[in-house]
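The values are calculated or read from the model by the stated rules, or taken from the named source; none is laboratory data. Here the structure is a predicted model, which is why all the values come from computation and not from measurement. Ideal geometry is used to build each Cβ from the backbone, glycine not excepted, and the neighbour counts take in all protein chains shown.
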Amino acid sequence: MALESKVQRERRGGERIVITISPSSTENGLLRVDEAMQQVIDSIRLFEQAERKLSDLPENAVEWKLESASASSPFRVVALAKSADKNVDITTHVRKVKTEVSHGLRALIERGERPAWLDAEAMGVARNLFDRNQNGIGVTEFDFEMEGEAISITSVKAVAGTKALEAIDIIGAAADLPEREAFGEVEGVMLAAGKYRSRPAIRIITELYGFVWCSLTQKVVEKFGTEHKMSDVWQGKTVGVRGLLSYGVGGKLMMIEAYEIREIETTPAIDLDLILDPDFTSGFSPEEYLDRLHRGELV
C-alpha cells in the first residue's frame, strides 16, 4: 500500500490501523497462513482490550471492519473503526486509544513498564504476539496513521517484551501472596536494640526486605542480656536471626519473633597477588593458551 499524506488520509475519513506482518529471514520470504492471520487477529484483540479499559463509551461502541488486505508476503491489513451508533462520533476516542497502545507497547518493550490497560487477559494476547515474532514472523508493524505513533516489533523487541511480561508475572504472583507465618532464618545487619510492641527487640536491615524488627523471646534475653548489652556486642555486625517469620500481604516480611541469634562472620578478602600464578599459561597469551587447550595440545 503506497504511503499517504496526512491530507489524503483526512479526505478518505475514518480512523484506521494498518498492520503489516513480514516473515523472518529463515522463512524464504513466505509467511505461514495461520501465523499471519492469527497475528492480525491478536493485534486487533489487544487493541480492543485496551479500548475496554480506556473507554468512556458504551461496550462494543467501536467495530473494526476489514477495509483491505494484501494477497502476498508481507501481509498487510487495513482495519477501519466504525461507530456502532451512527449518531456517536468515535474519532477522539479511537485516537486516544491508539496513542495509549502505542506508548504502552513502547514502555513495556523498552523499559519493562506495565501500561495501565494491560490486564491479565491482554498480557496473554501480547505474549502470543511476541512468541510469533520469534518463530516465523520477523516484524510486526502497527501504523496508527498518527504522527510519531507507528511501532515495529522485531524479534529483538519481542524478546524484550517477553522478558518484561515474565517479570510482571513474578511481581503479580508476589502481590497475590496472603499473610502467612513460617519458621526460618534471615540475615541482616543489626542497627539498634530497643523495644518493639513493648517487648525487647533488635532492628536489622536486610537486602531483600529492608528494615525488620525482631522481637526477642525470654530465652534469648536471658542468654544475651539486656538490649544495651546486645547493642554493644552486635550493632553494625551481620547476624542471623532464626525464629517465627511473619509476612504481610504481598510477601513483605513484617517482623520476626527471634528464638536464636548468631553472629555471621564475614569472609576475609582474598589477596589476589598471593594466589596469582604468572606462569600459569606457560608464557602463552590467554588467547593462545585457550586455543591450544581446546585443541588438546596442553597436558
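Against the criterion of being touching a residue at least 24 places away in the same chain (Cβ under 8 Å), surrounded by fewer than 18 Cβ atoms within 10 Å (Cβ to Cβ) and of a type in the set (Val, Ile, Thr), residue 220 does not qualify.
What residue, of 150, 193, 182, 201, is surrounded by fewer than 20 Cβ atoms within 10 Å (Cβ to Cβ), more than 20 Å from residue 19 (Cβ to Cβ) and among the small types (Gly, Ala, Ser)?
Numbers: 150 fails: more than 20 Å from residue 19 (Cβ to Cβ); 193 fails: surrounded by fewer than 20 Cβ atoms within 10 Å (Cβ to Cβ); 201 fails: surrounded by fewer than 20 Cβ atoms within 10 Å (Cβ to Cβ).
Answer to the selection: 182.
Note on segment 34-92: residues that are among the polar types (S, T, N, Q) and over 33 Å from the mean Cα position of the chain (by Cα) total 5.
Output the number of residues of segment 38-76 satisfying the condition of being under 17 Å from residue 128 (Cβ atoms) and in contact (Cβ under 8 Å) with a residue 24 or more places away in the chain. Full working, then the answer.
Here is the first cut: in segment 38-76, the residues under 17 Å from residue 128 (Cβ atoms) are 38-50, 75.
From what is left, the residues that are in contact (Cβ under 8 Å) with a residue 24 or more places away in the chain are 38-40, 42-47, 49-50, 75.
Residues meeting the conditions: 12.
Go through segment 80-103 and give me each residue that's touching a helix residue (DSSP H, G or I) at 6+ places or on another chain (Cβ under 7 Å) and assigned to a helix (DSSP H, G or I). Answer for segment 80-103, where residues must be touching a helix residue (DSSP H, G or I) at 6+ places or on another chain (Cβ under 7 Å) and assigned to a helix (DSSP H, G or I): 96, 97, 100, 101.
In segment 98-110 there is no residue matching the filter, namely being in the same structural domain as residue 73 (by TED's automatic domain parsing), modelled with pLDDT under 90, more than 26 Å from residue 24 (Cβ to Cβ) and out of contact with any Ser or Thr (no Cβ under 9 Å at 6 or more places or on another chain). Considering only segment 231-259, state which residues are of a type in the set (Phe, Trp, Tyr), surrounded by fewer than 17 Cβ atoms within 10 Å (Cβ to Cβ) and out of contact with any Lys or Arg (no Cβ under 7 Å at 6 or more places or on another chain). Answer for segment 231-259, where residues must be of a type in the set (Phe, Trp, Tyr), surrounded by fewer than 17 Cβ atoms within 10 Å (Cβ to Cβ) and out of contact with any Lys or Arg (no Cβ under 7 Å at 6 or more places or on another chain): there is none.
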